[in-house]
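Chemist: I'd like to ask you about the structure that follows.
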Amino acid sequence: MRAYRTVRQSDLPEPEELNWRLAATCRIVSPALFFHPTNERGPKRQKRIHEAKKICSQCPVQRPCRDYALAVREPFGIWGGMSEEDRDRILGRGRGRADNTTERSA
Ligand code: SF4
């Protein structure tokens, strides 16, 4: 079971702070690469995560994307080269893992 913490309005970025999205490399890639389908597990999941992280590693706005995802405690998807599990570790969130495989870093 996932444990979520409420995000305070004061933690959210102002709209002008989100302009980095205009330069996001993932704007030209299918969102399916960055957000897992229901019950995706195992090697297929790890491959998708790895491919998404490779794109993030070449993205000119990886840092603001990463900062945003951590600030709003984004629960889903690949953001700033981080998977959901990466953010869980950084934020100290508990989460039931979809599988026991270890993901590869980009
Ligand atoms: S770092 Fe990754 S998720 Fe963030 S904007 Fe760039 S490509 Fe998209």
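Chemist: Do you know which residues across segment 6-18 are part of a helix (DSSP H, G or I) and either among the acidic types (Asp, Glu) or within 16 Å of the ligand (Cβ to nearest atom) (or both)? Please lay out each step first, then the result.
Modeler: Filtering segment 6-18 for residues part of a helix (DSSP H, G or I) gives 9-11, 15-18.
Passing the criteria: 11, 16, 17, 18.
A quick yes/no check of all residues on (1) within 12 Å of the ligand (Cβ to nearest atom); (2) outside any helix (DSSP H, G or I); (3) buried (at least 19 other Cβ atoms within 10 Å of the Cβ):
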site: 51; (1), (2), (3): yes, no, no
site: 55; (1), (2), (3): yes, no, yes
site: 63; (1), (2), (3): yes, no, no
site: 67; (1), (2), (3): yes, no, no
site: 77; (1), (2), (3): yes, yes, no
site: 85; (1), (2), (3): no, no, no
site: 90; (1), (2), (3): no, no, no
site: 94; (1), (2), (3): no, yes, no
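Chemist: So, one more: Looking only at residues in segment 19-48 that are assigned to a helix (DSSP H, G or I) and within 19 Å of residue 67 (Cα to Cα), which one is farthest from the ligand (Cβ to nearest atom)? Don't jump to the end; show me each part of the working.
Modeler: We begin by selecting, within segment 19-48, every residue assigned to a helix (DSSP H, G or I); these are 19-23, 25-28, 31-33, 42-48.
Now restrict to residues that are within 19 Å of residue 67 (Cα to Cα): 19-23, 25-27.
Numbers: 19: 12, 20: 7, 21: 7, 22: 10, 23: 8, 25: 4, 26: 3, 27: 7 Å.
Once the filter is applied, the top-ranked residue is 19.
Computed from the coordinates by the stated procedures, all read-outs in this text should not be read as laboratory data. Given the structure is predicted, the values throughout are model-derived calculations rather than measurements. As a convention, Cβ positions derive from the backbone with ideal geometry for all residues, glycine included, and neighbour counts pool all protein chains shown.
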